[in-house]
Every structure is written in C-alpha cells, then in structure tokens.
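Step one of this worksheet: look at the structure below.
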Amino acid sequence: MTIPHFHAVIWVNHHEAKIFHFNATGADHEILHPENPTLHIHHKANTIGSGHETLDPSFLHEIAAAVGSAGEVLIVGPGNAKTVLVKHISQHDKILKEKILGVETVDHPSDGQIVAYARKFFKSADSMRPQ
C-alpha cells in the first residue's frame, strides 16, 4: 500500500491537468483530460462575449477529487483555468478550498520543473508558519 504524499500541485489549462503528489524525495503524477476539450478561442471585434470557453464541470470535479487526499495544494498554470478551478472548488468543496495555499501563474514548464517549483513554494510557505 502506498502512503499518499502530503503535498500536491496541479498544473492546469483548458486541455489538461497535471497532478503531482510529492514529498522531498519522490513524486507520483497523473494527467487528466476533459471529455470535450475546448478549442483555443480569441475574442473578435464586434462580437458578444469574452471569447473564452468555460471548463467542463465534470473535468473540474475530477481534478478536485484527484487531490482530495492531499494536506496542502498549490495550483499553477498559464491562463485563467487555474482561477476557474479555484472558483469551482470554492463553490463545491469547502474542505479542499482550505487546503489551497497558493495559486500561481507559470507558463509551460516540464514535469520536473513543476515539482521543483512546488517544492520551493511549500518550503517557503512552511518557513512562514509559526512553529
């Protein structure tokens, strides 16, 4: 039986979510995809709406469920999908919302860079808390 890691980081955009559960020496990961991914849409002049598609709620639920066992969560990504995810979690899972310690903008790092970024983030966050 594998003991779950305490920390998790989610890198998310409209096409996929990369989820890493990790500690100081190891990491487990999975990649989730929405059933119906949105196309990259840009706003056009003289049209109604923002030009952005919303994320599929079932995709957001799946992401939240994947990190439900984590003690602390960091959410990162290049666009607005991370804020959509946080809003969804705030509305549907108050316990998980309390576990989110940060939401950061990062572009398209490698898997190793995502985990390294998260380790650095949590090390800083840990040092800021009273002991």
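When each of the peptides 19-32, 68-81 is scored by how many other beta carbons lie within 10 Å of its residues on average, the order from highest to lowest is 68-81, 19-32.
Annotation for the range 59-124: chymotrypsin sites (Phe, Trp or Tyr not before Pro) lying in DSSP loop with at most 15 further Cβ atoms inside 10 Å of their Cβ do not exist.
Straight-distance candidates among the lysines for linking to residue 99, with alpha-carbon spacing under 19 Å and chain neighbours fewer than 8 residues away dropped: 18, 82, 87, 120, 123. By a 1.4 Å probe calculation restricted to protein chains, residue 94 has an accessible surface near 130 Å², given to the nearest 10.
The values are calculated or read from the model by the stated rules, or taken from the named source; none is laboratory data. Predicted model, so just to flag it, every value in this text is computed and none were measured. Because the Cβ atoms are built from the backbone with ideal geometry, glycine has one as well, and the counts that use them run over all protein chains shown. Surface accessibility is based on the protein's heavy atoms, side chains included, excluding ligands, DNA and RNA. Shrake-Rupley method; radii C 1.70, N 1.55, O 1.52, S 1.80 Å.
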